[in-house]
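Here's the structure we're looking at; comments come further down.
Please treat every number below as a calculation from the coordinates, not as lab data. Everything numeric here is computed off the predicted structure, so don't read it as measured data. Cβ atoms come from the backbone with ideal geometry, glycine included; neighbour counts cover every protein chain shown.
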Amino acid sequence: MNASDAASRQDGPSGRWRSSTKRLILVYGAFFVAWTVVLVGAIRWQTANYLDGIVDSILEQRLRYLSSVERTRLPALLAATTQLDLHGLMASGLFDAQGHYVAGDIEHLPEGLAIDGRVHPLPEGVQRISGERAGRMHAVALRLADGAVMLLARDYRVVDQVGEIIRSGLLWALSLTLVPGLLGGYLLSRGPLRRVRAIESAIQPVMRGDLGARLPVSERRDELDMLAAIVNRMLEQVERLLGEVKGVSDSIAHDLRTPLTRLRTQLHRVQQLGSEGDPRSQLVERCIVEADALLDRFRALLRISELEDIGRRAGFAAVDVGDTLRRVHELYAPLAEEKEIAFALEADAVPTLRADGHLLFEAIGNLVDNAIKFAPRGGHVVLRAASEDGRAVIEVLDDGRGIPADERDAVLRRFYRSAASGADDAVGHGLGLPLVAAIARLHGYAFTIADNAPHGTRMRLVCWLVDDGP
Amino acid sequence: MARILTIEDDAVTAREIAAELQAAGNEVDCVGDGRAGLERALAGGYDAITLDRMLPGMDGLEVVSELRRAGVDTPVLMISALSDVDARVRGLRAGGDDYLTKPFAPEEMAARIEVLLRRGAGARETTLRVGDLELDLIARTARRGSVVLDLLPLEFRLLEYLMRHAGQVLTRTMIFEAVWGYHFDPGTNVIDVHIGRLRRKVDAPGFEPLIHTVRGCGYAMRTS
């Protein structure tokens, strides 16, 4: 088991992953908002343009009418216009040829206004006699036949107000559509996410090696169900193929047991027949040593295969880690002492684990055996357990040569022996760490190999506690 | 001389088991079939039985279950090609007394049979003695002659096991299984190191060595 296995648990639906429905709704919502803003802008612009035209044509019509009436009636007509304009939207003024005030409610001709009979915008508005100053206005000025100037202006605020009403109306409509849309989308996205979580928990046993488990397929028969059905079909194939491969290896292993037993027993008999000092006896003895090494490897190999068979989970129970570590320490302490290695045990208040006690002991024992083997004479080995983020972490540290980073996955493969282990390493058959990896996999624990500071190896088992095991 | 029944379907393995047990001074009968083996075992007269787990005619588990049902308590060493822990547990639950996995070393098999043959002898004693070595199981003390030995709890358990089986060859695996209670290969020379430390305390200079190394096999405690 390597670091990627450990990380995979954090990649669940509750971790980094996001719902695609939620993402689609957010993207759709963003487009909707952008489009509505463009729409509001366009409607407002159109409306303003339209109202502009109306205001301007009113001014022009009124100007045409007033310019056609008798000059003497003009002051009275302007006064009547002002009186009739209850909302004070219109303003007018009559000035003599020199620009002096004659009649109307505008006292001065606005500066810069062209006297050409065409409507122009007056951003600053005009000052009325009453002292009131209107805001934005449109105005038109015309020179009459006697040289006098007639000025008509109309307040433009009404157009702005209409634009404002349109804008706020559309914004209300937008928010009334967007809020239920987002809320509904969020609720909708929760359903698939819940189903993905169900799929995740259903696939956990498969990740631990139980290929007999299948993903749930609901009655809806939608995309998720289609995907689950595809994965289930794939799992069936994988299970069948692995079963066939295992069947073949099991028969090979079984067929080899009897000939190996025969070989070993017959060598033993030959040894007994030989006499002391006979060079042939020494040869036979060397053969027996070789045969025993072969049997050891064969047994270790079979044991790894056996551990990879998920059926061994029956022996799982609550295991006291501290006690297991103390026993491992007790077993290996004399071995460390022989090599003058300081072998420390650090295990305080570690929670109970859900494990096969014998296999856990075997795994930790293998790690310690390995550490003692690779620590230099007079070196240090630490066996420790601690609680970290609700997990029990068991570590074995040594200050040996360490395992190069690019070999850490390889040392978990059967028979791989690190080049860094050197020629002096006569002991070991390259099956210790694969065995630990198999035990870790069986338990669903994460097993990682890292550097120890300043040098050496840090073997780390991250274990489930008794309550939250897979 | 003990009488041993070997129920094993592979003729070569059966012959080698018989040869090894005969070399240790036992009389051995071989049967290659489960049912025939059960009949011979029920007929009685055997001190121990080696029983293959997978046999033609009748499975080894059934043979031992039938034997126990019939009230025959002859010690049975089950020899099996099935190595997994569950198979071992099933074998022992069915009534087997010990379990050995193929491929095995004949010395290991003979040592286990020897332990089974002398099973029960001295089980109720509270003081074990080998030569001038004395182990008081009640007071948890050990002495060699007049010298009191200072033993750690683990060393005491190891010495007790060796003394209970004084005169018998005990393999490293047997010692590990009995003293530590685990069934796997502890690797390297960890058992040798423990025996070495115990030996320095028990067989101090000036005393007759009691812990003997049996080359290529294991250890035995005995007086010369």
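Run the numbers on chain B and let me know its relative contact order in percent, using alpha-carbon pairs under 8 Å that are six or more apart.
Working: 356 pairs, mean separation 30.0, N = 224.
About 13 percent, as a whole number.
Enter the Cα centre distance for the pair the range A:34-96 and the range A:167-209, rounded to the nearest angstrom.
The range A:34-96 and the range A:167-209 have Cα centres spaced 54 Å from each other.
Relative contact order (percent) for chain A, with alpha-carbon contacts under 8 angstrom and 6 or more residues of separation?
Across chain A, relative contact order equals 12 percent.
Which of the listed residues, A:Val270, A:Ala114, A:Pro454, is farthest toward the dipole's positive end in the protein assembly as shown, when Lys, Arg count +1 and Asp, Glu count -1 at the beta-carbon?
Projecting each Cα onto the dipole axis, the largest value belongs to A:Ala114.
Determine the calculated [θ] at 222 nm for chain A from helices alone, applying -39500 (n - 2.57) to every DSSP H run no shorter than 4 residues and normalising by the residue count; nearest 500 deg cm²/dmol.
-18500 deg cm²/dmol
What's the angle, to the nearest 10 degrees (0 to 90), between helix A:20-68's Cα axis and the longest principal axis of chain A?
10 degrees
From the phi angles alone, apply the Karplus equation (6.51, -1.76, 1.60; θ = phi - 60°) to the range A:393-407 and give each ³J(HN,Hα) in whole Hz, x where the residue is Gly or Pro.
10, 10, 10, 10, 10, 9, 10, x, 7, x, 10, x, 3, 6, 10
Give me the inter-chain shielding for B:11-19: mean count of other chain Cβ atoms within 10 Å, whole number please.
Neighbouring Cβ atoms belonging to other protein chains average 4 per residue here.
What longest region of chain A stays clear of GluC sites (Glu not before Pro) that DSSP places outside H, G, I, E and B and that have at most 12 other Cβ atoms within 10 Å?
After excluding every exposed loop site, the longest remaining stretch is A:341-470.
Considering only DSSP states other than H, G, I, E and B, which trypsin sites (Lys or Arg not before Pro) in the range B:124-165 qualify as loop sites with at most 12 other Cβ atoms within 10 Å?
B:Arg124, B:Arg140
With a Förster radius of 22 Å, plug the Cβ-Cβ distance of A:Ala30 and A:Leu171 into 1/(1 + (r/R0)^6) and report the FRET value to the nearest 0.05.
E(calc), rounded to 0.05, equals 0.85.
Roughly how tilted is helix A:357-374, in degrees to the nearest 10 and between 0 and 90, from the longest Cα axis of chain A?
For helix A:357-374, the angle is close to 80 degrees.
Averaged across A:333-340, how many Cβ atoms of other chains sit within 10 Å of each residue's Cβ atom? Show your work: numbers first, answer last.
Numbers: counts 5, 11, 9, 1, 2, 6, 1, 0.
Mean inter-chain Cβ contacts per residue within 10 Å come to 4.
Counting other Cβ atoms within 10 Å, which trypsin sites (Lys or Arg not before Pro) in the range A:142-233 have at most 13 and lie in a DSSP loop? Please list the in-between numbers first.
Numbers: sites: A:Arg143, A:Arg154, A:Arg157, A:Arg167, A:Arg190, A:Arg194, A:Arg195, A:Arg197, A:Arg208, A:Arg214, A:Arg220, A:Arg221, A:Arg233; in loops: A:Arg208, A:Arg214, A:Arg220, A:Arg221.
Hits after loop and neighbour filter: A:Arg220, A:Arg221.
Antiparallel DSSP bridges in the protein assembly as shown: what percent, to the nearest 5?
Rounded to the nearest five, the antiparallel share is 75 percent.
Using +1 at the C-beta of Lys and Arg and -1 at the C-beta of Asp and Glu, which of B:Gly44, B:Gly34, B:Leu55 has the Cα lying farthest in the positive direction of the dipole of the range B:1-58?
B:Gly44
I need the phi-derived Karplus couplings for the range B:65-75: 6.51 cos²θ - 1.76 cosθ + 1.60, θ = phi - 60°, integer Hz, Gly and Pro marked x.
The phi angles translate into 4, 4, 4, 5, 5, 7, x, 8, 10, 4, x Hz.
Just tell me how shielded A:112-121 is by partners: mean number of partner chain Cβ atoms within 10 Å of each residue's Cβ, no decimals.
The shielding value for this peptide is 0.
So what J values fall out for the range A:289-296 if you push phi through Karplus, 6.51 cos²θ - 1.76 cosθ + 1.60 with θ = phi - 60°, rounded to Hz, Gly and Pro as x?
In residue order, the calculated couplings are 4, 5, 4, 5, 4, 4, 4, 4 Hz.
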